[in-house]
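Please read the structure below before turning to the comments.
Quick note: the coordinates plus some simple rules give every number you see, no bench work behind them. Just so it is clear, the model here is predicted, and its values are computed rather than measured. Don't worry about glycine lacking a Cβ; one is built from the backbone with ideal geometry, like all the others, and counts go over all protein chains shown.
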Amino acid sequence: MKEWWNRLVLRQKFAAVGTGALFVLLLVWLAIHTQSQQVTDGRAWIREQAAKNPAELTSVLAQKRTAELKQAYSEGKISYSALLPDYAMIGDSRAAALAEYQILDGDRDIAVIGTDCQDIPNQLERITALQPANLIVSYGINDVQHNLGGSPEGFAQVYESYIQQAAKAAPGARVFVTSILDVSPAVIEEYPQYGNLG
């Protein structure tokens with residue numbers, strides 16, 4: 001390499017060094033320009049996002065997250081419970097079974113076996129701590145057995161008042177109330193009160 005350099009005339013040496021310097025300067029300019037353009041684009045994107053309605057932005061992000069989760073689930077990368085990333089579930093044994101069978105996360109399925117909706121006040125602290133985006137409420141079978149409210153209308157009023165307490169504990173949550181699963185005619189024959197499930 002040294003011999004090759006020594007054989008070059010002064011003019012060729014200046015040309016080689018100049019070309020190298022020009023190439024380095026071009027690379028530096030390109031890097032600065034690209035970075036500058038990325039910063040400009042990034043700032044423009046942030047301004048655009050900041051100008052959007054927060055509810056609209058939240059909705060778009062939630063839809064994107066849901067699509068990503070569904071894709072990951074279909075590819076076997078995540079479990080079924082990951083499709084409900086921000087929820088809390090309260091209820092009786094039917095709801096508790098979802099955690100027992102590892103369908104839902106036990107930290108978020110805070111249902112209690114053998115309870116009725118009158119147990120909701122006991123779960124308010126946990127609901128408040130979780131602050132779920134979705135609150136799933138699943139009571140009813142034991143409420144009917146205990147004849148809570150004395151009539152279907154009375155039960156609806158009692159249930160609604162407890163659901164409102166739960167909703168106040170997580171004011172940003174969407175509340176989903178599941179229907180009471182039906183029982184077989186043989187069960188109604190043995191326990192007539194279950195005939196009131198409707």
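So what is the relative contact order for the range 84-196, in percent, with contacts set as C-alpha pairs under 8 Å and at least six apart? Can you show the working numbers first?
On the way: 173 pairs, mean separation 32.0, N = 113.
Normalised by residue count, the contact order of the range 84-196 is 28 percent.
For Ile110, Ile120, which order do you get if you count the other beta carbons within 10 Å of each Cβ and list the fewest first? All intermediate terms of the calculation are to be shown ahead of the outcome.
Details: Ile110 19, Ile120 22.
So the residues, fewest neighbours to most, are Ile110, Ile120.
Counting neighbouring Cβ atoms within 10 Å and putting the fewest first, the residues Asp182, Asp109 line up as Asp182, Asp109.
Straight-line cross-link reach from Lys168 at under 13 Å between alpha-carbon atoms covers these aspartates and glutamates, not counting any fewer than eight positions away in the same chain: Glu125, Glu160. You can think of it this way: the chain between Ser161 and Ile46 has 37.1 nm of extra reach, that is 0.36 nm per residue less the Cα-Cα gap.
Modelled spin labels at Gln118 and Glu100, positioned 7 Å past Cα toward Cβ, are 2.2 nm from each other. Annotation: the residues Phe155, Phe176, sorted from fewest to most other C-beta atoms within 10 Å of their own C-beta, follow the order Phe176, Phe155. A cut-off of 5 Å between modelled amide H atoms, ignoring neighbours fewer than 5 places along the same chain, links Asp109 with Met89.
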